[in-house]
Amino acid sequence: MKRVLVVSVEPPWPAQHGGRIRTARVAEALSSHLDVLVTFPDHGERQVDAPVATAPLPWSPPSALRTRASGRPHLGGHYLVPIADSVGALCVEFRPDAVYWSHSYLAAWAPPSARQAPHVVEFANIESRRLQTLVTSAQGWQRMARRAEATKAAFWEPRLAARAALCVALSQPDRDVLRGWARDVVLAPNGVDIWPYTPSPADGYVLALASYDYEPNVLALRTFVRDTWPLVRAALPTAPLVVAGRRSEALRQEFAGTPGVTVLGTLDEVADVYAGAALTVAPATTGGGSQLKLTESMSRGRSVVMSPFAAQGMPSAMRGTDAYWVAEEPQSFADAVADGLRNLPARHAREQAAWQRCEALGWPQAVRELVTSISTLADRKAAS
(Lines give C-alpha, C1' and ligand atoms only; values in the text may rest on other atoms or scores of the structure.)
Protein backbone atom coordinates (compact mmCIF):
# COMPACT_ATOMS: atom_id res chain seq x y z
CA MET A 1 0.00 0.00 0.00
CA LYS A 2 1.24 3.50 -0.85
CA ARG A 3 2.46 5.55 2.12
CA VAL A 4 1.62 9.16 3.04
CA LEU A 5 3.24 11.11 5.87
CA VAL A 6 0.99 13.84 7.27
CA VAL A 7 2.83 16.61 9.13
CA SER A 8 0.59 18.53 11.52
CA VAL A 9 1.16 21.51 13.79
CA GLU A 10 -0.35 19.67 16.78
CA PRO A 11 -1.93 16.32 17.68
CA PRO A 12 -5.09 16.01 15.54
CA TRP A 13 -6.83 13.79 18.09
CA PRO A 14 -8.85 14.44 20.15
CA ALA A 15 -10.49 16.45 17.36
CA GLN A 16 -12.00 19.15 19.54
CA HIS A 17 -11.61 22.35 17.52
CA GLY A 18 -11.29 23.63 13.97
CA GLY A 19 -7.64 22.98 13.11
CA ARG A 20 -7.57 19.57 14.75
CA ILE A 21 -10.87 18.51 13.23
CA ARG A 22 -9.76 19.26 9.68
CA THR A 23 -6.40 17.51 9.96
CA ALA A 24 -8.02 14.54 11.69
CA ARG A 25 -10.74 14.13 9.06
CA VAL A 26 -8.31 14.48 6.14
CA ALA A 27 -5.98 11.89 7.67
CA GLU A 28 -8.88 9.53 8.33
CA ALA A 29 -10.13 9.88 4.74
CA LEU A 30 -6.63 9.22 3.36
CA SER A 31 -6.20 6.18 5.59
CA SER A 32 -9.12 4.47 3.84
CA HIS A 33 -6.99 4.23 0.69
CA LEU A 34 -3.37 4.67 1.81
CA ASP A 35 -0.96 3.77 4.60
CA VAL A 36 -0.98 7.01 6.62
CA LEU A 37 1.33 8.12 9.42
CA VAL A 38 0.64 11.43 11.19
CA THR A 39 3.52 13.23 12.88
CA PHE A 40 3.52 16.42 14.95
CA PRO A 41 5.39 18.31 17.67
CA ASP A 42 4.29 16.70 20.91
CA HIS A 43 2.56 19.53 22.77
CA GLY A 44 -0.97 19.89 24.07
CA GLU A 45 -3.50 17.15 24.72
CA ARG A 46 -2.92 13.97 22.73
CA GLN A 47 -5.23 10.97 22.27
CA VAL A 48 -3.30 7.75 22.76
CA ASP A 49 -5.65 5.47 20.81
CA ALA A 50 -5.90 7.65 17.70
CA PRO A 51 -7.76 6.15 14.71
CA VAL A 52 -4.71 6.66 12.46
CA ALA A 53 -1.10 5.78 13.29
CA THR A 54 0.82 8.67 14.85
CA ALA A 55 4.43 9.55 15.57
CA PRO A 56 4.66 12.36 18.16
CA LEU A 57 8.05 14.09 18.18
CA PRO A 58 9.68 15.70 21.25
CA TRP A 59 9.34 19.48 21.05
CA SER A 60 10.20 22.63 22.98
CA PRO A 61 9.88 26.26 21.83
CA PRO A 62 12.92 27.49 19.85
CA SER A 63 14.52 30.91 20.00
CA ALA A 64 12.19 33.51 18.49
CA LEU A 65 15.22 35.38 17.20
CA ARG A 66 16.13 32.49 14.92
CA THR A 67 12.69 32.15 13.40
CA ARG A 68 11.92 35.87 13.06
CA ALA A 69 15.30 36.68 11.54
CA SER A 70 14.75 34.08 8.82
CA GLY A 71 13.11 34.83 5.49
CA ARG A 72 10.75 31.95 6.21
CA PRO A 73 7.59 32.18 8.37
CA HIS A 74 8.15 32.62 12.09
CA LEU A 75 5.13 30.47 12.98
CA GLY A 76 6.32 27.51 10.93
CA GLY A 77 9.80 27.75 12.41
CA HIS A 78 8.34 27.90 15.91
CA TYR A 79 6.79 24.47 15.45
CA LEU A 80 9.10 22.75 12.97
CA VAL A 81 12.66 23.86 13.77
CA PRO A 82 12.87 21.75 16.97
CA ILE A 83 11.63 18.62 15.17
CA ALA A 84 13.14 19.11 11.70
CA ASP A 85 15.82 16.46 12.19
CA SER A 86 13.24 14.03 13.58
CA VAL A 87 10.92 14.63 10.62
CA GLY A 88 13.82 14.00 8.26
CA ALA A 89 14.72 10.75 10.04
CA LEU A 90 11.08 9.70 9.95
CA CYS A 91 10.98 10.24 6.18
CA VAL A 92 14.05 8.02 5.77
CA GLU A 93 12.46 5.32 7.92
CA PHE A 94 8.87 5.50 6.67
CA ARG A 95 9.77 6.20 3.00
CA PRO A 96 6.54 8.05 2.13
CA ASP A 97 5.26 8.24 -1.41
CA ALA A 98 3.89 11.70 -0.58
CA VAL A 99 4.23 14.18 2.30
CA TYR A 100 1.12 16.14 3.28
CA TRP A 101 1.80 19.43 5.08
CA SER A 102 -1.28 20.58 7.01
CA HIS A 103 -0.12 24.22 6.90
CA SER A 104 1.92 26.05 4.31
CA TYR A 105 4.04 27.71 6.98
CA LEU A 106 5.22 24.24 8.11
CA ALA A 107 6.14 23.20 4.56
CA ALA A 108 8.29 26.32 4.24
CA TRP A 109 10.64 24.76 6.83
CA ALA A 110 10.71 21.24 5.32
CA PRO A 111 14.09 19.54 5.93
CA PRO A 112 16.05 18.44 2.83
CA SER A 113 15.57 14.74 3.62
CA ALA A 114 11.78 15.23 3.40
CA ARG A 115 11.97 16.59 -0.13
CA GLN A 116 12.53 13.26 -1.85
CA ALA A 117 8.77 12.58 -1.95
CA PRO A 118 6.16 14.80 -3.66
CA HIS A 119 4.89 17.52 -1.35
CA VAL A 120 1.20 18.23 -0.90
CA VAL A 121 0.78 21.61 0.79
CA GLU A 122 -2.47 22.73 2.37
CA PHE A 123 -2.97 26.47 2.30
CA ALA A 124 -5.39 26.82 5.20
CA ASN A 125 -5.20 30.53 4.36
CA ILE A 126 -3.32 32.74 1.96
CA GLU A 127 -0.85 33.75 4.67
CA SER A 128 0.24 37.02 3.09
CA ARG A 129 -3.37 38.22 3.16
CA ARG A 130 -4.21 36.79 6.60
CA LEU A 131 -1.17 38.43 8.17
CA GLN A 132 -1.96 41.75 6.53
CA THR A 133 -5.40 41.77 8.21
CA LEU A 134 -3.65 41.39 11.59
CA VAL A 135 -1.31 44.36 11.14
CA THR A 136 -3.89 47.06 11.92
CA SER A 137 -4.92 45.43 15.21
CA ALA A 138 -1.37 45.57 16.62
CA GLN A 139 0.76 48.39 17.97
CA GLY A 140 4.44 49.14 18.45
CA TRP A 141 6.93 46.32 17.92
CA GLN A 142 4.14 43.79 17.40
CA ARG A 143 2.79 45.78 14.48
CA MET A 144 6.27 45.94 12.98
CA ALA A 145 6.73 42.19 13.46
CA ARG A 146 3.43 41.39 11.77
CA ARG A 147 4.16 43.68 8.87
CA ALA A 148 7.53 41.96 8.48
CA GLU A 149 5.87 38.52 8.49
CA ALA A 150 3.33 39.66 5.89
CA THR A 151 6.15 40.97 3.72
CA LYS A 152 8.05 37.70 4.09
CA ALA A 153 4.93 35.71 3.20
CA ALA A 154 4.57 37.63 -0.05
CA PHE A 155 7.99 36.20 -0.94
CA TRP A 156 8.02 32.62 0.39
CA GLU A 157 4.36 31.73 -0.18
CA PRO A 158 4.17 31.85 -4.01
CA ARG A 159 7.57 30.15 -4.30
CA LEU A 160 6.47 27.35 -1.98
CA ALA A 161 3.29 26.88 -4.02
CA ALA A 162 5.29 26.70 -7.25
CA ARG A 163 7.54 23.95 -5.84
CA ALA A 164 4.70 21.82 -4.44
CA ALA A 165 3.48 18.81 -6.39
CA LEU A 166 -0.05 19.67 -5.28
CA CYS A 167 -1.56 22.67 -3.49
CA VAL A 168 -4.75 22.42 -1.46
CA ALA A 169 -7.19 25.34 -1.18
CA LEU A 170 -10.08 25.50 1.28
CA SER A 171 -12.11 28.12 -0.58
CA GLN A 172 -12.65 29.21 -4.17
CA PRO A 173 -11.05 32.67 -3.67
CA ASP A 174 -7.91 30.99 -2.27
CA ARG A 175 -7.95 28.51 -5.14
CA ASP A 176 -7.97 31.38 -7.62
CA VAL A 177 -4.89 32.88 -5.96
CA LEU A 178 -3.04 29.55 -5.88
CA ARG A 179 -3.76 28.90 -9.56
CA GLY A 180 -1.65 31.93 -10.33
CA TRP A 181 1.29 30.39 -8.44
CA ALA A 182 1.08 26.61 -8.77
CA ARG A 183 0.79 24.01 -11.51
CA ASP A 184 -1.73 21.79 -9.71
CA VAL A 185 -4.38 22.97 -7.24
CA VAL A 186 -7.25 21.03 -5.71
CA LEU A 187 -10.20 22.51 -3.83
CA ALA A 188 -10.97 20.65 -0.59
CA PRO A 189 -13.34 22.80 1.51
CA ASN A 190 -14.06 22.14 5.14
CA GLY A 191 -16.52 19.33 5.60
CA VAL A 192 -18.85 18.60 8.47
CA ASP A 193 -19.70 15.74 10.75
CA ILE A 194 -23.41 15.07 10.22
CA TRP A 195 -25.56 15.14 13.37
CA PRO A 196 -29.29 14.48 13.84
CA TYR A 197 -31.36 17.65 13.59
CA THR A 198 -32.98 18.88 16.79
CA PRO A 199 -34.76 22.26 16.64
CA SER A 200 -33.29 25.01 18.78
CA PRO A 201 -35.12 25.71 22.05
CA ALA A 202 -37.51 28.65 22.18
CA ASP A 203 -35.65 30.11 25.17
CA GLY A 204 -32.15 29.39 23.88
CA TYR A 205 -29.16 31.67 24.25
CA VAL A 206 -26.84 33.35 21.76
CA LEU A 207 -23.67 31.27 21.51
CA ALA A 208 -20.20 32.65 20.74
CA LEU A 209 -18.16 29.45 20.40
CA ALA A 210 -14.60 29.80 19.11
CA SER A 211 -10.94 29.23 19.90
CA TYR A 212 -10.05 32.24 22.03
CA ASP A 213 -6.34 31.64 21.90
CA TYR A 214 -6.57 33.10 18.37
CA GLU A 215 -6.42 36.89 18.46
CA PRO A 216 -8.95 37.66 15.66
CA ASN A 217 -11.62 35.75 17.61
CA VAL A 218 -10.84 37.63 20.83
CA LEU A 219 -10.89 41.02 19.11
CA ALA A 220 -14.15 40.21 17.34
CA LEU A 221 -15.82 39.09 20.56
CA ARG A 222 -14.71 42.20 22.42
CA THR A 223 -16.09 44.41 19.67
CA PHE A 224 -19.34 42.42 19.60
CA VAL A 225 -19.83 42.65 23.37
CA ARG A 226 -18.95 46.34 23.42
CA ASP A 227 -20.87 47.60 20.38
CA THR A 228 -23.52 45.05 19.39
CA TRP A 229 -24.59 43.22 22.52
CA PRO A 230 -26.02 46.36 24.24
CA LEU A 231 -28.23 46.87 21.18
CA VAL A 232 -29.48 43.27 21.42
CA ARG A 233 -30.24 43.78 25.11
CA ALA A 234 -32.03 47.05 24.35
CA ALA A 235 -34.37 45.12 22.05
CA LEU A 236 -34.56 42.02 24.29
CA PRO A 237 -33.58 42.93 27.88
CA THR A 238 -33.34 39.31 29.06
CA ALA A 239 -31.34 37.94 26.11
CA PRO A 240 -28.43 35.75 27.26
CA LEU A 241 -25.02 35.39 25.59
CA VAL A 242 -22.85 32.35 26.29
CA VAL A 243 -19.14 32.48 25.45
CA ALA A 244 -17.36 29.13 25.19
CA GLY A 245 -14.38 27.50 23.57
CA ARG A 246 -10.68 27.03 23.96
CA ARG A 247 -9.09 29.50 26.42
CA SER A 248 -12.33 31.47 26.78
CA GLU A 249 -11.89 31.24 30.55
CA ALA A 250 -9.22 33.95 30.18
CA LEU A 251 -12.05 36.35 29.29
CA ARG A 252 -14.26 35.52 32.28
CA GLN A 253 -13.15 38.40 34.48
CA GLU A 254 -13.23 40.88 31.60
CA PHE A 255 -16.92 40.19 30.91
CA ALA A 256 -18.00 39.53 34.49
CA GLY A 257 -19.92 42.81 34.77
CA THR A 258 -21.55 42.69 31.33
CA PRO A 259 -25.33 42.10 31.59
CA GLY A 260 -26.46 38.77 30.18
CA VAL A 261 -22.97 37.41 29.41
CA THR A 262 -21.76 34.05 30.77
CA VAL A 263 -18.31 32.61 30.01
CA LEU A 264 -18.14 28.81 30.21
CA GLY A 265 -14.47 28.33 29.34
CA THR A 266 -12.78 25.45 27.52
CA LEU A 267 -15.10 22.51 26.79
CA ASP A 268 -14.30 18.82 26.45
CA GLU A 269 -17.48 18.30 24.41
CA VAL A 270 -19.57 20.88 22.53
CA ALA A 271 -22.83 18.94 22.06
CA ASP A 272 -24.49 20.29 25.22
CA VAL A 273 -23.60 23.91 24.57
CA TYR A 274 -25.03 23.68 21.04
CA ALA A 275 -28.16 21.97 22.37
CA GLY A 276 -29.04 24.98 24.54
CA ALA A 277 -28.32 27.60 21.88
CA ALA A 278 -30.90 29.47 19.84
CA LEU A 279 -28.28 30.59 17.32
CA THR A 280 -24.56 31.29 17.09
CA VAL A 281 -22.56 34.37 16.13
CA ALA A 282 -19.39 34.72 14.04
CA PRO A 283 -18.39 38.41 14.09
CA ALA A 284 -14.72 38.11 13.01
CA THR A 285 -13.42 40.73 10.57
CA THR A 286 -9.74 39.68 10.45
CA GLY A 287 -7.75 36.45 10.29
CA GLY A 288 -8.29 33.46 8.04
CA GLY A 289 -10.92 33.13 5.38
CA SER A 290 -12.55 29.74 6.08
CA GLN A 291 -14.03 29.18 9.52
CA LEU A 292 -14.93 25.59 10.30
CA LYS A 293 -17.16 26.67 13.18
CA LEU A 294 -19.73 28.09 10.71
CA THR A 295 -20.55 24.78 9.05
CA GLU A 296 -20.11 22.92 12.34
CA SER A 297 -22.83 25.08 13.87
CA MET A 298 -25.17 24.50 10.93
CA SER A 299 -24.50 20.76 10.89
CA ARG A 300 -25.70 20.74 14.50
CA GLY A 301 -28.91 22.53 13.55
CA ARG A 302 -27.97 26.02 14.69
CA SER A 303 -28.02 28.92 12.26
CA VAL A 304 -25.38 31.66 12.36
CA VAL A 305 -25.32 35.44 12.32
CA MET A 306 -22.00 36.23 10.65
CA SER A 307 -19.96 39.12 9.36
CA PRO A 308 -19.39 39.58 5.61
CA PHE A 309 -15.75 38.66 6.24
CA ALA A 310 -16.77 35.32 7.76
CA ALA A 311 -19.30 34.72 4.97
CA GLN A 312 -16.52 34.91 2.35
CA GLY A 313 -15.29 31.51 3.48
CA MET A 314 -18.65 29.75 3.26
CA PRO A 315 -18.68 26.64 1.03
CA SER A 316 -20.39 27.07 -2.32
CA ALA A 317 -23.09 24.58 -1.29
CA MET A 318 -24.25 27.10 1.35
CA ARG A 319 -24.26 30.19 -0.81
CA GLY A 320 -27.48 31.68 -2.08
CA THR A 321 -29.58 30.04 0.63
CA ASP A 322 -31.72 31.56 3.34
CA ALA A 323 -29.83 29.48 5.89
CA TYR A 324 -27.96 32.16 7.84
CA TRP A 325 -27.76 35.91 8.43
CA VAL A 326 -25.00 38.21 7.18
CA ALA A 327 -24.68 41.60 8.84
CA GLU A 328 -21.88 44.15 9.16
CA GLU A 329 -22.75 47.22 11.23
CA PRO A 330 -23.50 46.80 14.98
CA GLN A 331 -27.16 47.77 14.55
CA SER A 332 -27.84 45.43 11.63
CA PHE A 333 -25.97 42.62 13.40
CA ALA A 334 -28.00 43.22 16.57
CA ASP A 335 -31.23 43.33 14.55
CA ALA A 336 -30.40 39.94 13.00
CA VAL A 337 -29.64 38.41 16.39
CA ALA A 338 -32.83 39.83 17.90
CA ASP A 339 -34.88 38.65 14.94
CA GLY A 340 -33.45 35.17 15.30
CA LEU A 341 -34.29 35.07 19.00
CA ARG A 342 -37.81 36.43 18.56
CA ASN A 343 -39.06 34.63 15.47
CA LEU A 344 -38.98 30.94 16.31
CA PRO A 345 -40.68 29.59 13.14
CA ALA A 346 -38.35 31.58 10.85
CA ARG A 347 -35.34 30.51 12.91
CA HIS A 348 -36.26 26.86 12.65
CA ALA A 349 -36.75 27.23 8.89
CA ARG A 350 -33.22 28.63 8.57
CA GLU A 351 -31.82 25.84 10.73
CA GLN A 352 -33.43 23.15 8.63
CA ALA A 353 -32.31 24.78 5.35
CA ALA A 354 -28.72 24.93 6.60
CA TRP A 355 -28.76 21.43 8.07
CA GLN A 356 -30.11 19.94 4.83
CA ARG A 357 -27.37 21.63 2.83
CA CYS A 358 -24.80 20.15 5.20
CA GLU A 359 -25.69 16.68 3.93
CA ALA A 360 -23.67 17.53 0.82
CA LEU A 361 -20.71 18.66 2.95
CA GLY A 362 -19.79 15.48 4.77
CA TRP A 363 -16.05 15.03 5.11
CA PRO A 364 -15.83 12.08 2.68
CA GLN A 365 -17.45 14.19 -0.04
CA ALA A 366 -15.50 17.34 0.79
CA VAL A 367 -12.08 15.70 0.51
CA ARG A 368 -12.85 13.08 -2.17
CA GLU A 369 -11.00 14.95 -4.94
CA LEU A 370 -8.07 15.55 -2.60
CA VAL A 371 -7.80 11.85 -1.69
CA THR A 372 -7.90 10.91 -5.38
CA SER A 373 -5.19 13.44 -6.25
CA ILE A 374 -2.88 12.27 -3.47
CA SER A 375 -3.41 8.63 -4.39
CA THR A 376 -2.43 9.46 -7.97
CA LEU A 377 0.70 11.27 -6.76
CA ALA A 378 1.67 8.34 -4.55
CA ASP A 379 1.18 5.88 -7.40
CA ARG A 380 3.48 7.93 -9.64
CA LYS A 381 6.15 8.12 -6.96
CA ALA A 382 5.97 4.38 -6.25
CA ALA A 383 6.21 3.60 -9.96
CA SER A 384 9.22 5.88 -10.57
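Check region 321-332 and report whether any residue there is in contact with a helix residue (DSSP H, G or I) (Cβ under 8 Å, 6 or more places away or on another chain), in contact (Cβ under 8 Å) with a residue 40 or more places away in the chain and open to solvent by less than 40 Å² (accessible area, probe 1.4 Å).
Let us first name the residues in region 321-332 that are in contact with a helix residue (DSSP H, G or I) (Cβ under 8 Å, 6 or more places away or on another chain), namely 321-328, 330-331.
Remaining after also requiring in contact (Cβ under 8 Å) with a residue 40 or more places away in the chain: 330-331.
Right, trim to open to solvent by less than 40 Å² (accessible area, probe 1.4 Å) and you get none.
No: region 321-332 contains no residue that is in contact with a helix residue (DSSP H, G or I) (Cβ under 8 Å, 6 or more places away or on another chain), in contact (Cβ under 8 Å) with a residue 40 or more places away in the chain and open to solvent by less than 40 Å² (accessible area, probe 1.4 Å).
Across region 101-135, what is the total count of residues that are closer than 17 Å to residue 183 by Cβ and part of a helix (DSSP H, G or I)?
Residues meeting the conditions: 2.
Condition (residue is part of a helix (DSSP H, G or I), farther than 23 Å from residue 382 by Cβ, aliphatic (A, V, I, L, M) and open to solvent by less than 10 Å² (accessible area, probe 1.4 Å)) applied to region 65-74: is it met by at least one residue?
Checking region 65-74: not a single residue is part of a helix (DSSP H, G or I), farther than 23 Å from residue 382 by Cβ, aliphatic (A, V, I, L, M) and open to solvent by less than 10 Å² (accessible area, probe 1.4 Å).
Among (1) part of a loop (DSSP other than H, G, I, E, B); (2) open to solvent by 10 Å² or more (accessible area, probe 1.4 Å), where does residue 242 come up short?
(1)
Looking at region 246-256, can you tell me whether even one residue there is among the hydroxyl-bearing types (Ser, Thr, Tyr), at pLDDT 95 or above and open to solvent by less than 20 Å² (accessible area, probe 1.4 Å)?
yes
Mind checking whether some residue in region 189-209 is of a type in the set (Phe, Trp, Tyr) and open to solvent by less than 70 Å² (accessible area, probe 1.4 Å)? Give the steps one after another, and end with the answer.
Taking region 189-209 and keeping what is of a type in the set (Phe, Trp, Tyr), we get 195, 197, 205.
Now narrow it down to the ones that are open to solvent by less than 70 Å² (accessible area, probe 1.4 Å): 197, 205.
Checked against the condition, which is being of a type in the set (Phe, Trp, Tyr) and open to solvent by less than 70 Å² (accessible area, probe 1.4 Å), region 189-209 yields at least one hit.
So which residues in region 171-188 are in contact with a Ser or Thr (Cβ under 7 Å, 6 or more places away or on another chain) and open to solvent by less than 10 Å² (accessible area, probe 1.4 Å), if there are any at all?
To start, the set of residues in region 171-188 that are in contact with a Ser or Thr (Cβ under 7 Å, 6 or more places away or on another chain) comprises 171-172, 186.
Selection gives 186 alone.
Take the conditions surrounded by 14 or more Cβ atoms within 10 Å (Cβ to Cβ), part of a helix (DSSP H, G or I), small (Gly, Ala, Ser) and over 18 Å from the mean Cα position of the chain (by Cα) and apply them to residue 145. Does it pass? Before the answer, list the steps.
Values: surrounded by 14 or more Cβ atoms within 10 Å (Cβ to Cβ): yes; part of a helix (DSSP H, G or I): yes; small (Gly, Ala, Ser): yes; over 18 Å from the mean Cα position of the chain (by Cα): yes.
Yes, satisfied.
For region 79-96, state whether one or more residues are in a loop (DSSP other than H, G, I, E, B) and surrounded by fewer than 22 Cβ atoms within 10 Å (Cβ to Cβ). Quick ask: steps written out before the conclusion?
Of the residues in region 79-96, the ones in a loop (DSSP other than H, G, I, E, B) are 95-96.
So of that shortlist, the ones also surrounded by fewer than 22 Cβ atoms within 10 Å (Cβ to Cβ) come out as 95.
So far as region 79-96 goes, yes, one or more of its residues are in a loop (DSSP other than H, G, I, E, B) and surrounded by fewer than 22 Cβ atoms within 10 Å (Cβ to Cβ).
Please name all residue pairs, on different chains or six or more residues apart, with Cβ atoms under 9 Å, provided the first residue is in region 83-106 and is farther than 29 Å from residue 154 by Cβ and free of Cβ contacts under 8 Å to residues at least 60 places away in the same chain and the second residue is of a type in the set (Val, Ile, Thr) and open to solvent by less than 20 Å² (accessible area, probe 1.4 Å).
Within 9 Å, the pairs are 86/39.
Please count how many residues of region 31-57 are charged (D, E, K, R) and more than 21 Å from the chain's Cα centre (by Cα). Spell out how you get there, then give the answer.
Step one: list which residues in region 31-57 are charged (D, E, K, R), which gives 35, 42, 45-46, 49.
Going one step further and asking which of them are more than 21 Å from the chain's Cα centre (by Cα), we end up with 35, 49.
Count: 2.
Collect the residues in region 1-31 that are open to solvent by 10 Å² or more (accessible area, probe 1.4 Å) and more than 27 Å from residue 294 (Cα to Cα), keeping them in residue-number order.
Within region 1-31, 1, 2, 3 meet the criteria.
Residue 120 passes all but one of (1) in contact with a Leu (Cβ under 6 Å, 6 or more places away or on another chain); (2) farther than 16 Å from residue 165 by Cα; (3) of a type in the set (A, V, I, L, M, F, W, C); which number fails?
Failed condition: (2).
Could you say whether any residue in region 344-365 is closer than 16 Å to residue 232 by Cα, in contact with a helix residue (DSSP H, G or I) (Cβ under 9 Å, 6 or more places away or on another chain) and open to solvent by less than 40 Å² (accessible area, probe 1.4 Å)? Can you show your working first?
Within region 344-365, the subset closer than 16 Å to residue 232 by Cα is none.
The answer is no; no qualifying residue exists.
Please specify each residue of region 13-41 satisfying the condition of being closer than 24 Å to residue 282 by Cα and either free of Cβ contacts under 8 Å to residues at least 60 places away in the same chain or in a helix (DSSP H, G or I) (or both). Quick ask: steps written out before the conclusion?
From region 13-41, those closer than 24 Å to residue 282 by Cα are 14-25; that's our starting set.
The answer is 14, 15, 18, 19, 20, 21, 22, 23, 24, 25.
Scan region 287-320 for residues that are open to solvent by less than 10 Å² (accessible area, probe 1.4 Å), assigned to a helix (DSSP H, G or I) and of a type in the set (S, T, N, Q) and jot them down.
295, 297, 299
The values are calculated or read from the model by the stated rules, or taken from the named source; none is laboratory data. The model shown is predicted, which means the values in this text are computed figures rather than measured ones. Neighbour counts run over all protein chains shown; Cβ positions are idealised from the backbone, glycine included. For accessibility, only protein heavy atoms count, side chains too; no ligands or nucleic acids. Shrake-Rupley method; radii C 1.70, N 1.55, O 1.52, S 1.80 Å.
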